[in-house]
Amino acid sequence: MFVLGLVIFVLLLVIGVPIWLALGMSGGFWMYVFIGLPLETISSQFLIATDKWILLAIPYFLLAGNLMTFMGPAKKLVKFINDLVGHLPGGLSSAAIIAAAIFGALSGSSTATVVAVGSMIIPQMIALGYSKENSMGVVASAGTLGQMIPPSIYMIIFASMTQLDVGKLFIAGIVPGIVIAFVLIIVAVIISFREKANRKERSAFVEVRTSFVHALPVLLMPIIVLGGIYSGIFTPTEAAAVAVFYVLIISLLFNRKDCTLSNFKKSLLGAMTTTSVIYIILGGATLFSTALTYAQIPQSITAFVTTLTLPNLLIMLLILLLFLVFGTVLDPIPILYITIPILYPTVLSMGYDPIHFGILTIACMMIAQITPPVGVSLFAISGHFKEKLSVVIKGTLPYLLGLIIATIILLFVPWLSTFSL
């Protein structure tokens, strides 16, 4: 039964059926033919998948990220970071990584981060002698930080599937996000020395101070959002709505030139499009994972793993390798919905902390975003700058290695993920 359903899923993918439909049809086939569930129950599972309070945070955070990009606040953030560190060795690359980390803490969207930061940093990097490959590679890689540094869309999805407290996941992602950003900066500095790129002229203190004042409203946003969640003032979903309201206010007050109806419509359209994609994949993947649960597949795998004599660490390395292999052919969201229902009980049975596993999973999803040939950040950079995908992939490879090294560090130093528990 399991093999036949899996064959149907693979065949549908091979002939080009959208991932959500391939997941839904193979899962529905299992549930109807072998489990004997009525069609009404099967179709209702599609709706139930999206009927969760925590998932309301996704469109709000996506909208906040798009508003940051189109309404002007992102420009002031990037300018301040650039003025602050742009003159250092590898300064513009480091500025891109730091800006992406902060922007990720504001939006939770990797695509929005890549477009916003890349639009302002990449032309400057190329003008100073950075190679086109490195310029696009560092931004594509840094954009993935938006999924580790809270708020994170992937963390929200992971929490909704495992019934974990998304607020705890958010807090747990802060230190790992800083560690990953630090590793990426080291890679960026090494590459800049090899390329012998020119440095940006050091900004005067007055200019740095002025850009800081202009960026201050943006820099306060993570404190308000994460501080509100951590102190219990509001839930993550309410925090997402607060983020949208806050961006609208600072845009109206400090970015009147970019605060136009046209840009607002662009922000709404981008948020609605991405939300629709996530939700429809979620529905199809829920049918798939529900069928697996009915068929006792996760339970059987857990029972099998507990009988193995392999060290738990080796099993975890194999799980992370599985994530990386899936990342070469699938988008991170379907990977989560296909694997977590099976792997999560197994990992818990081995004694691993669920928060630690969540952080490791998100780190692997970051890698999947820049893993060729289907990495979403690769396509975001390639499409936005109308550049060949091969150029972006070539520039991303050193940073891909950096992300893998950072993930191994997180695996062997679980305290980085669980310090707040």
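The values are calculated or read from the model by the stated rules, or taken from the named source; none is laboratory data. Note that this is a predicted model, so its numbers are computed, not measured. Here the Cβ positions follow ideal geometry from the backbone for every residue, glycine too, while neighbour counts run over all protein chains shown.
If the requirement is being outside any helix (DSSP H, G or I), closer than 26 Å to Thr111 by Cβ and not hydroxyl-bearing (Ser, Thr, Tyr), which of these qualifies: Val17, Val78?
Result: Val17 is the single residue among Val17, Val78 that is outside any helix (DSSP H, G or I), closer than 26 Å to Thr111 by Cβ and not hydroxyl-bearing (Ser, Thr, Tyr).
Name every residue in the stretch 386-421 that is within 17 Å of Thr113 (Cα to Cα) and either touching an Asp or Glu at 6+ places or on another chain (Cβ under 9 Å) or surrounded by fewer than 19 Cβ atoms within 10 Å (Cβ to Cβ) (or both), in order of residue number.
Val392, Thr396
Among residues belonging to the stretch 325-353 that are surrounded by fewer than 17 Cβ atoms within 10 Å (Cβ to Cβ) and either touching a strand residue (DSSP E or B) at 6+ places or on another chain (Cβ under 9 Å) or in contact (Cβ under 8 Å) with a residue 24 or more places away in the chain (or both), point out the one that is farthest from Phe419 (Cα to Cα).
The qualifying residue farthest from Phe419 (Cα to Cα) is Val329.
Return the residue satisfying two criteria in turn: it lies in the stretch 45-73 and is of a type in the set (Phe, Trp, Tyr) and either surrounded by fewer than 24 Cβ atoms within 10 Å (Cβ to Cβ) or under 17 Å from the mean Cα position of the chain (by Cα) (or both), and of such residues it is nearest to Leu216 (Cα to Cα).
Out of the qualifying residues, it is Phe61.
Considering only residues that are at pLDDT 85 or above and small (Gly, Ala, Ser), look in the stretch 241-270 and name the one that is farthest from Pro222 (Cα to Cα).
Ser262
Got a number for residues in the stretch 66-114 being of a type in the set (A, V, I, L, M, F, W, C), modelled with pLDDT under 75 and closer than 19 Å to Thr396 by Cβ?
The total comes to 1.
Between Ser44, Ser93, which is part of a helix (DSSP H, G or I) and either within 22 Å of Met366 (Cβ to Cβ) or in contact with a Ser or Thr (Cβ under 6 Å, 6 or more places away or on another chain) (or both)?
Within the list Ser44, Ser93, the selection yields Ser93.
Among the numbered conditions (1) surrounded by fewer than 15 Cβ atoms within 10 Å (Cβ to Cβ); (2) touching a Ser or Thr at 6+ places or on another chain (Cβ under 9 Å); (3) polar (S, T, N, Q), tell me where Asn198 comes up short.
(2)
Which numbered condition in (1) without any contact (Cβ under 8 Å) to a residue 12 or more places away in the chain; (2) touching a helix residue (DSSP H, G or I) at 6+ places or on another chain (Cβ under 7 Å) is the only one that Pro123 fails?
Result: Pro123 passes all but (2).
Being modelled with pLDDT of 85 or more, within 23 Å of Asn82 (Cα to Cα) and crowded, with 23+ Cβ neighbours inside 10 Å is the filter here, so list the residues in the stretch 150-180 that pass it.
Answer for the stretch 150-180, where residues must be modelled with pLDDT of 85 or more, within 23 Å of Asn82 (Cα to Cα) and crowded, with 23+ Cβ neighbours inside 10 Å: Gly177, Ile180.
Could you check how many residues of the stretch 202-243 are within 22 Å of Lys76 (Cβ to Cβ), out of contact with any Pro (no Cβ under 9 Å at 6 or more places or on another chain) and assigned to a helix (DSSP H, G or I)?
Going through the stretch 202-243 one residue at a time, the tally reaches 17.
Residues that are within 24 Å of Thr50 (Cβ to Cβ) and at pLDDT below 85: which helices (runs of 4 or more DSSP H) entirely in the stretch 301-407 hold 1 or more of them?
In the stretch 301-407, the matching helices (runs of 4 or more DSSP H) lie at 312-327, 332-349, 376-385.
Can you tell me which residues in the stretch 408-421 are in a helix (DSSP H, G or I) and β-branched (Val, Ile, Thr)?
Within the stretch 408-421, Ile408, Ile409, Thr418 qualify.
With respect to Leu128, determine if the residue is more than 24 Å from the chain's Cα centre (by Cα) and surrounded by fewer than 19 Cβ atoms within 10 Å (Cβ to Cβ).
yes
Among the β-branched types (Val, Ile, Thr), under 12 Å from the mean Cα position of the chain (by Cα) and within 23 Å of Ile223 (Cα to Cα): is that true of Ile98 in this structure?
No: the conditions fail for Ile98.
If Tyr399 satisfies every condition in (1) closer than 25 Å to Ile156 by Cα; (2) within 16 Å of the chain's Cα centre (by Cα) but one, which is the exception?
In the conditions (1) closer than 25 Å to Ile156 by Cα; (2) within 16 Å of the chain's Cα centre (by Cα), Tyr399 misses (1) alone.
Among the residues of the stretch 52-75, which ones are under 22 Å from Leu269 (Cα atoms) and not in a helix (DSSP H, G or I)?
Once the filter is applied, which keeps residues that are under 22 Å from Leu269 (Cα atoms) and not in a helix (DSSP H, G or I), the stretch 52-75 yields Met71, Gly72.
Every residue, every condition in (1) under 16 Å from Thr162 (Cβ atoms); (2) touching a Phe, Trp or Tyr at 6+ places or on another chain (Cβ under 9 Å), yes or no:
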| site | (1), (2) |
| --- | --- |
| Leu313 | no, yes |
| Gly327 | no, no |
| Leu330 | no, no |
| Ile335 | yes, yes |
| Leu343 | yes, yes |
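What number goes with the only condition from (1) hydroxyl-bearing (Ser, Thr, Tyr); (2) surrounded by fewer than 20 Cβ atoms within 10 Å (Cβ to Cβ); (3) touching a residue at least 40 places away in the same chain (Cβ under 8 Å) that Ser192 does not pass?
Tallying (1) hydroxyl-bearing (Ser, Thr, Tyr); (2) surrounded by fewer than 20 Cβ atoms within 10 Å (Cβ to Cβ); (3) touching a residue at least 40 places away in the same chain (Cβ under 8 Å), Ser192 fails exactly one: (2).
Please verify whether the stretch 308-319 includes one or more residues that are closer than 30 Å to Phe29 by Cβ and surrounded by fewer than 19 Cβ atoms within 10 Å (Cβ to Cβ).
Taking every residue of the stretch 308-319 in turn, at least one turns out to be closer than 30 Å to Phe29 by Cβ and surrounded by fewer than 19 Cβ atoms within 10 Å (Cβ to Cβ).
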